[in-house]
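Enquirer: Below you will find the structure I want to go over with you.
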């Protein structure tokens with residue numbers, strides 16, 4: 001899957017694992033293909049965008065996020 005040609009450099013490929021629609025927004029869980037940890041990311045998007053993009057479980061997608069939206073934390077545990 002090609003990355004989307006936009007200005008945000010942070011783009012990660014994944015597969016939709018779950019869709020939890022609410023009255024106006026839908027929580028989308030995207031599996032990041034990390035077999036060692038099973039990590040996912042979550043996005044809350046308008047329900048009408050789920051319909052417009054025709055998003056379904058197991059669809060391949062690109063998660064895009066600007067650098068200004070990334071938070072950094074540091075674990076007190078050593079990962080050696």
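Enquirer: So, in the range 3-33, of the ones that are out of contact with any strand residue (DSSP E or B) (no Cβ under 8 Å at 6 or more places or on another chain) and modelled with pLDDT under 90, which residue ends up surrounded by the most Cβ atoms within 10 Å (Cβ to Cβ)?
Expert: Looking at the filtered set, the residue picked out is 9.
Enquirer: So, in the range 39-56, exactly how many residues are in a loop (DSSP other than H, G, I, E, B) and over 13 Å from the mean Cα position of the chain (by Cα)?
Expert: Step one: list which residues in the range 39-56 are in a loop (DSSP other than H, G, I, E, B), which gives 39, 53-56.
With over 13 Å from the mean Cα position of the chain (by Cα) added as a condition, the list becomes 53-54, 56.
Of the residues in the range 39-56, 3 are in a loop (DSSP other than H, G, I, E, B) and over 13 Å from the mean Cα position of the chain (by Cα).
Enquirer: Kindly provide the set of residues from the range 23-38 that are part of a loop (DSSP other than H, G, I, E, B) and touching a helix residue (DSSP H, G or I) at 6+ places or on another chain (Cβ under 7 Å), ordered by number.
Expert: If the condition is that a residue be part of a loop (DSSP other than H, G, I, E, B) and touching a helix residue (DSSP H, G or I) at 6+ places or on another chain (Cβ under 7 Å), then 24 is the only one that fits.
Enquirer: So residue 20 clears everything in (1) under 23 Å from residue 8 (Cα atoms); (2) outside any loop (DSSP other than H, G, I, E, B) except one condition, right? Which one?
Expert: Every condition holds for residue 20 apart from (1).
Enquirer: Taking the range 34-70, which residues are exposed (fewer than 10 other Cβ atoms within 10 Å of the Cβ) and at positive phi?
Expert: Correct list: 54, 58.
Enquirer: Taking the condition over 14 Å from residue 11 (Cα atoms), modelled with pLDDT of 95 or more and touching a helix residue (DSSP H, G or I) at 6+ places or on another chain (Cβ under 8 Å), does residue 44 pass? Write out each step before concluding.
Expert: Details: over 14 Å from residue 11 (Cα atoms): yes; modelled with pLDDT of 95 or more: yes; touching a helix residue (DSSP H, G or I) at 6+ places or on another chain (Cβ under 8 Å): no.
So residue 44 fails the test.
The values are calculated or read from the model by the stated rules, or taken from the named source; none is laboratory data. Predicted, not measured: the structure shown is a model, and the values here were computed from it. All Cβ positions, glycine included, derive from the backbone under ideal geometry; neighbour counts span all protein chains shown.
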